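Heads up: the structure comes next, in structure tokens.
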Amino acid sequence: MILNPVIMTMNLKDMNGLEIIDFFKPLEDNKNLFIRNIVLSSNIPDQEQVITGPAKSGLTHGYAQDIPVLFSRLHKTFSRYGLLYEVQVLPCQTSKLQENTSDEKSLPQTDIESLCYYAFVKFYSSVSAEKAKSALNLTHFVGTKACKVTFAKRKRTGSEKQVLFISQCFDLANFYLGFNGWSSSIKELKRELTDVCLSSKEDYCCFACTTNIVIHHHGLSVNGKGFSLLKFSSEDPASQIKAHGRCMKQAYQDSIQKAFSKVILVILGNGKVYTDINSSVPEDLEEFQPSYKSVAVTELEVEPELASDEDNLDEENINILSELETVFM
């Protein structure tokens, strides 16, 4: 990654708080907040939900009512500090709540089992997550108690980073660059005749799309090439038409995502935003590559010689035959 020359000319004061954001799903713990001690009470008038008793699944009917309300409240509160990637609200176990509220007056057992929640709020920016944590920890009330806000510590596997979905790419670009700060255009959309289409007995359609994204006022332009492969039934004309339409749409979406994956956002401490090329992203493939591995088959010009029966015998059997031949000679 090479920073924009304009950024390199900034003084140290402007470089304080510099952050780099890419168009991949945020996996860092310093962007993921863990909110606990969310305790609701059914006797509060403005709670907007009523607990109706236990359900067969072990949860209560109140969970289905509470979670959308809590999601909306948490999203509204935390989005004041920056753009959110996701908000997750989950019911917690009774033991966890009792541990968190051991220093305070606990609720009755029935209320504890039905009204305890915890949540994860994930930001695109670690700076925004830090601001939200500092401002809301032990000061923000979602229910009857002050919420505890800390950084999450999740175990991650060694899987590769995934590019954001097309709608999330648009949200991130619009938030930092503005609705008029960038534009996209399709340079090429064509049907591809791949080996899968030619060799398979089934009917497939494959499309390739090349899209160009321009970051206005930053002098940055990137291309992304996307592919899509779908199967259809040649006996059903409607199936073929639908498959072609979905295939073209998916190829376009793939090209947009790959183009944005080549862009990084450089956020300075003073709020200014610059863009640059993400050099860690490999170049796009020029042709479609199937997700499965193909097996190479070589046709022999001369048939191989078959092994004799003696070659199939083990060494012990060969010795026995030799002894018998000696006896009868």
Quiz item: How high is the FRET efficiency between Lys242 and Glu86 when r is their beta carbon distance and R₀ equals 22 Å, given to the nearest 0.05?
Solution: 0.10
Practice problem: Give me the distance in nm between label points sitting 7 Å out from Cα along the Cα-to-Cβ direction at Glu202 and Asn137, one decimal. | Solution: 5.3 nm
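Quick check on my link table: of Lys148/Lys272; Lys133/Lys272; Lys187/Lys249, which ones sit more than 26 Å apart, alpha carbon to alpha carbon? Don't skip to the answer; put the middle values down first.
Working: Lys148/Lys272 32 Å; Lys133/Lys272 23 Å; Lys187/Lys249 14 Å.
Listed pairs above 26 Å: Lys148/Lys272.
How long is the gain from Lys231 to Ile277 if the chain were fully straight, where each residue apart is worth 0.36 nm and the alpha carbon distance is subtracted?
Values: separation 46, 0.36 × 46 = 16.56 nm, distance 3.55 nm.
Between Lys231 and Ile277, full extension yields 13.0 nm more.
So if we plug the beta-carbon distance of Lys190 and Ala152 into 1/(1 + (r/R0)^6) with R0 = 56 Å, what FRET efficiency do we get, rounded to 0.05?
On the way: r = 45 Å, r/R0 = 0.79.
Calculated value: 0.80.
So what's Rg/Rh here for region 213-256, counting alpha carbon atoms and using the Kirkwood radius for Rh?
Details: Rg = 15.5 Å, Rh = 12.2 Å.
Taking Rh as the inverse mean 1/r over Cα pairs, Rg/Rh reads 1.27.
Values quoted throughout were computed directly from the atomic coordinates according to the rules given, and no laboratory measurement underlies them. Note that this is a predicted model, so its numbers are computed, not measured. Note that we place each Cβ from the backbone using ideal geometry, even for glycine, and neighbour counts take in every protein chain shown.
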